[in-house]
Amino acid sequence: MKTFDAIIVGAGFAGMYMLHRLRGLGLSARVLEAGDGVGGTWYWNRYPGARCDVQSMDYSFSFSDELQQEWEWSEKYATQPELLRYANHVADRFDLRRDIQFGTRVARAAYDETTARWHIETASGETFAARFYIMATGCLSVPKEIDIPGAESFAGATYHTADWPRDGVDFSGQRVAVIGTGSSAIQSIPIIASQAADLTVFQRTPAFSLPAFNRPLDAEEVRSWKAHYAEHREKSRYSLFGVPDFPMDKSAHDVAPAERTATYEAGWSGGTLIALLQSYNDLLTDEAANETAAEFVRNKIRAIVDDPEVAETLCPKSFPIGAKRLCLDTNYYATYNQPHVHLVDVRKTPIEAITPQGIRTSDGEREFDAIVFATGFDAMTGAVVNVDIRGRDGLGLKDKWEAGPRTYLGLTVAGFPNLFLITGPGSPSVMSNMIISIEQHVEWISDCLSWMREHGHAVIEAESAAEDGWVAHVNEVADATLLPKANSWYMGANVPGKPRVFMPYIGGCGPYRQQCEKVVAEGYSGFRFADEDALALPASAG
Ligand code: NAP
């Protein structure tokens, strides 16, 4: 058995930065990564058109000024290959690879109370022991199971956007089906349409998508951005979504319709996820206000798509705008104006089965050479509970989370000493620029370990009462918004049988960061500690 101070699972941005920080503390750490390269999301999601939907200049590490000054992004929204090059650059620049073990999938992790150590076992039977066990497994890393009968019978090629072949796929001359219309589908459909002889999109729920207005970055813009990086990053850290906020001092009801439309027009033209949503301060809390923005976007869809029936099918009407993750696209809606691109509304004509030749819906069978599943992820909890994690008294994390994830601050779990989650459920994570949230969590964890060492503590565990209070707060904040009204993956609603609980923290990056800072200022309130010479934790106060 190999022994380290910390085992980190995952070599995406979270795992890489965690390793870098732990090294800085002089701790020994090993990253275990299932893939054979770094990059996490950007390692796996290689589908055509994959890009970040937060501007590249924001969607990058801020912890090293040298790194952010030297790296050159070529476009407003970087492509997957460029993001993967960046991840590899970070790995090389900070010499991370020597502590990353690739091709290693963690199967089990159990806490041993007598030694206060985690015992970790990989799928191939290799074992490790570590004082700290850190899950840096990402929020969208386990593809949802294909729940359509007959999927395995299809004679043609099948692809999942989240597990795309390395060498790419050329759909030239092929009849292609895409199932799903979330962010992955919306980014890939225009590119697939440009290759395929015929493309049919099977849509269950239309998504709201805004234009990215992607473009190359010009040198002057980059120079100016870099000159003000420190100030910009600080604004991002204390913002709602991890990028500087737009001022929101008015309700959508406070202005005349013409002014509101002009404001939405400016938001639409901004080419970002939040410009339109932050037009007014009540768009995510007031249904009537939200409807004004939703209708603005529907009218854009109606203006872009030539066939009024297709346009209406593409218009989302079953949930408030912003209650499901907004998408950012390049020519998505206009793609449906091409004669070889077809839309099937599977709410009207449900998919009955995948057959050897194609897809059968209630109105007949269509034949395809290839099917692309853009059907999403078992989000936020999937990757965590895929590992059999056992805490005190053999308690299984999967069992503890049976009715929905429970964490303290999205970072720790009562009953699981010395376990940390990076961007876990109950933290802003997917509601934010992930990199800003990853940095905050990694820094909080490394500062905590440093503090524990200074105070002679070997074990940290969240109090049950603190966890209960945090879970109640996460729910209360979510319930004050319109977000729980949608059947979204935020709610676990996309996975049959998954508990319906709003998983991320919607209170905003800045307010969340302040709560984490307050916990530290109060001497890690809500946590209990045990010292090296008395490893048993005192009884929980909760
Ligand atoms: P998703 O948003 O969950 O979309 C999955 C799509 O598949 C939905 O339209 C869903 O319909 C449909 N679907 C699922 N099962 C189906 C079935 N059995 N029959 C018919 N349709 C089915 O997944 P995603 O597009 O991969 O995106 C997930 C998240 O990853 C995004 O929300 C975003 O946070 C992130 N992402 C980001 C980017 C980026 O730009 N940086 C790109 C891709 C993904 P329902 O809505 O009816 O369930």
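Consider GLU152 carefully, then state whether it is open to solvent by 30 Å² or more (accessible area, probe 1.4 Å) and away from the ligand (no atom under 12 Å from the Cβ). The answer is yes for GLU152.
What are the pairs with Cβ atoms under 7 angstrom where one residue, in segment 262-275, is at positive phi and the other, located anywhere, is at pLDDT 95 or above and outside any helix (DSSP H, G or I)? Sequence gap at least six, or different chains. Pairs that qualify, where the first residue is at positive phi and the partner is at pLDDT 95 or above and outside any helix (DSSP H, G or I), are GLY271/PRO211; GLY271/ALA212; GLY271/PHE213.
Please verify whether segment 15-35 includes one or more residues that are open to solvent by 20 Å² or more (accessible area, probe 1.4 Å), in the same structural domain as PHE132 (by TED's automatic domain parsing), outside any helix (DSSP H, G or I) and within 16 Å of the ligand (Cβ to nearest atom).
So far as segment 15-35 goes, no, none of its residues is open to solvent by 20 Å² or more (accessible area, probe 1.4 Å), in the same structural domain as PHE132 (by TED's automatic domain parsing), outside any helix (DSSP H, G or I) and within 16 Å of the ligand (Cβ to nearest atom).
Look through segment 181-237, keep the residues that are out of contact with any Ser or Thr (no Cβ under 9 Å at 6 or more places or on another chain) and part of a loop (DSSP other than H, G, I, E, B), and return whichever of them is nearest to the ligand (Cβ to nearest atom). Per the criteria, the residue is PHE208. Mind telling me which of the residues ASP198, ASP167 ends up being of a type in the set (Asp, Glu), in the same structural domain as PRO316 (by TED's automatic domain parsing) and crowded, with 18+ Cβ neighbours inside 10 Å? Step by step, each of ASP198, ASP167 is checked, and only ASP198 is of a type in the set (Asp, Glu), in the same structural domain as PRO316 (by TED's automatic domain parsing) and crowded, with 18+ Cβ neighbours inside 10 Å.
Tell me which residues, restricted to segment 470-486, are in contact with a Lys or Arg (Cβ under 8 Å, 6 or more places away or on another chain) and not small (Gly, Ala, Ser). Passing the criteria: only VAL471.
Rundown of residues vs (1) β-branched (Val, Ile, Thr); (2) touching a Lys or Arg at 6+ places or on another chain (Cβ under 7 Å), yes/no style:
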position	(1), (2)
ARG23	no, no
VAL38	yes, no
PHE63	no, no
LEU67	no, yes
TYR77	no, yes
LEU84	no, no
ASP92	no, no
GLN101	no, yes
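Being open to solvent by less than 30 Å² (accessible area, probe 1.4 Å) and more than 23 Å from the chain's Cα centre (by Cα) is the filter here, so list the residues in segment 322-348 that pass it.
Narrowing segment 322-348 to residues open to solvent by less than 30 Å² (accessible area, probe 1.4 Å): 322-323, 326-329, 332-333, 335-336, 341, 344, 346.
Matches in segment 322-348: TYR333, THR335, TYR336, VAL341, VAL344, VAL346.
With respect to the conditions (1) away from the ligand (no atom under 11 Å from the Cβ); (2) open to solvent by 20 Å² or more (accessible area, probe 1.4 Å); (3) of a type outside the set (Asp, Glu); (4) in contact with a Phe, Trp or Tyr (Cβ under 7 Å, 6 or more places away or on another chain), HIS160 falls short on a single one, namely (1).
The set of residues in segment 41-53 being in contact with a helix residue (DSSP H, G or I) (Cβ under 8 Å, 6 or more places away or on another chain) and either within 29 Å of HIS228 (Cα to Cα) or of a type in the set (A, V, I, L, M) (or both) consists of TRP42, ALA50, ARG51, CYS52, ASP53.
Report whether or not ARG366 is under 30 Å from PRO48 (Cα atoms), open to solvent by 10 Å² or more (accessible area, probe 1.4 Å) and touching a His at 6+ places or on another chain (Cβ under 9 Å). Against the criterion (under 30 Å from PRO48 (Cα atoms), open to solvent by 10 Å² or more (accessible area, probe 1.4 Å) and touching a His at 6+ places or on another chain (Cβ under 9 Å)), ARG366 qualifies.
Modelled with pLDDT of 95 or more, touching a strand residue (DSSP E or B) at 6+ places or on another chain (Cβ under 9 Å) and crowded, with 18+ Cβ neighbours inside 10 Å: does that describe MET503?
For MET503, the condition - modelled with pLDDT of 95 or more, touching a strand residue (DSSP E or B) at 6+ places or on another chain (Cβ under 9 Å) and crowded, with 18+ Cβ neighbours inside 10 Å - is not met.
Just for segment 485-494: of the residues that are touching a residue at least 24 places away in the same chain (Cβ under 8 Å) and surrounded by fewer than 19 Cβ atoms within 10 Å (Cβ to Cβ), which one is farthest from the ligand (Cβ to nearest atom)? Result: LYS485.
Residues in segment 72-120 that are in a loop (DSSP other than H, G, I, E, B), away from the ligand (no atom under 16 Å from the Cβ), open to solvent by less than 40 Å² (accessible area, probe 1.4 Å) and among the hydrophobic types (A, V, I, L, M, F, W, C): 3 in all.
Scanning segment 381-429 for residues that are touching a helix residue (DSSP H, G or I) at 6+ places or on another chain (Cβ under 7 Å) and either outside the structural domain of ASP468 (by TED's automatic domain parsing) or charged (D, E, K, R) (or both), we see that the one that is least open to solvent (accessible area, probe 1.4 Å) is ARG406. Which one is surrounded by the fewest Cβ atoms within 10 Å (Cβ to Cβ) among residues in segment 285-321 that are within 16 Å of the ligand (Cβ to nearest atom) and outside any helix (DSSP H, G or I)? Per the stated criteria, the residue is LYS317. Do any helices (runs of 4 or more DSSP H) entirely within segment 374-471 hold 1 or more residues that are away from the ligand (no atom under 16 Å from the Cβ) and without any contact (Cβ under 8 Å) to a residue 12 or more places away in the chain, and if so, which? Fully inside segment 374-471 and qualifying: 397-400, 434-454.
Can you tell me which residue is nearest to ASN433 (Cα to Cα) among those in segment 322-338 that are out of contact with any Leu (no Cβ under 7 Å at 6 or more places or on another chain) and outside any loop (DSSP other than H, G, I, E, B)?
CYS327
Considering every residue within segment 205-218, establish whether at least one is out of contact with any Lys or Arg (no Cβ under 6 Å at 6 or more places or on another chain), without any contact (Cβ under 8 Å) to a residue 60 or more places away in the chain, more than 18 Å from GLN55 (Cα to Cα) and of a type in the set (Asp, Glu). No, because not a single residue in segment 205-218 is out of contact with any Lys or Arg (no Cβ under 6 Å at 6 or more places or on another chain), without any contact (Cβ under 8 Å) to a residue 60 or more places away in the chain, more than 18 Å from GLN55 (Cα to Cα) and of a type in the set (Asp, Glu).
Quick grid of which residues meet (1) in contact with a strand residue (DSSP E or B) (Cβ under 6 Å, 6 or more places away or on another chain); (2) within 30 Å of PHE61 (Cβ to Cβ); (3) at pLDDT below 95:
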site: GLY182; (1), (2), (3): no, yes, no
site: ILE191; (1), (2), (3): no, yes, no
site: VAL201; (1), (2), (3): yes, no, no
site: PRO206; (1), (2), (3): no, no, no
site: VAL222; (1), (2), (3): no, yes, no
site: ALA230; (1), (2), (3): no, yes, no
site: LYS235; (1), (2), (3): no, yes, no
site: ASP254; (1), (2), (3): no, no, no
site: ALA258; (1), (2), (3): no, no, no
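The values are calculated or read from the model by the stated rules, or taken from the named source; none is laboratory data. All of these numbers come straight from a predicted model, not from anything done at the bench. Reconstructed Cβ throughout: ideal geometry from the backbone, glycine too, with neighbour counts over all protein chains shown. Heavy atoms of the whole protein, side chains included, go into the accessibility calculation; ligands, DNA and RNA do not. Shrake-Rupley method; radii C 1.70, N 1.55, O 1.52, S 1.80 Å.
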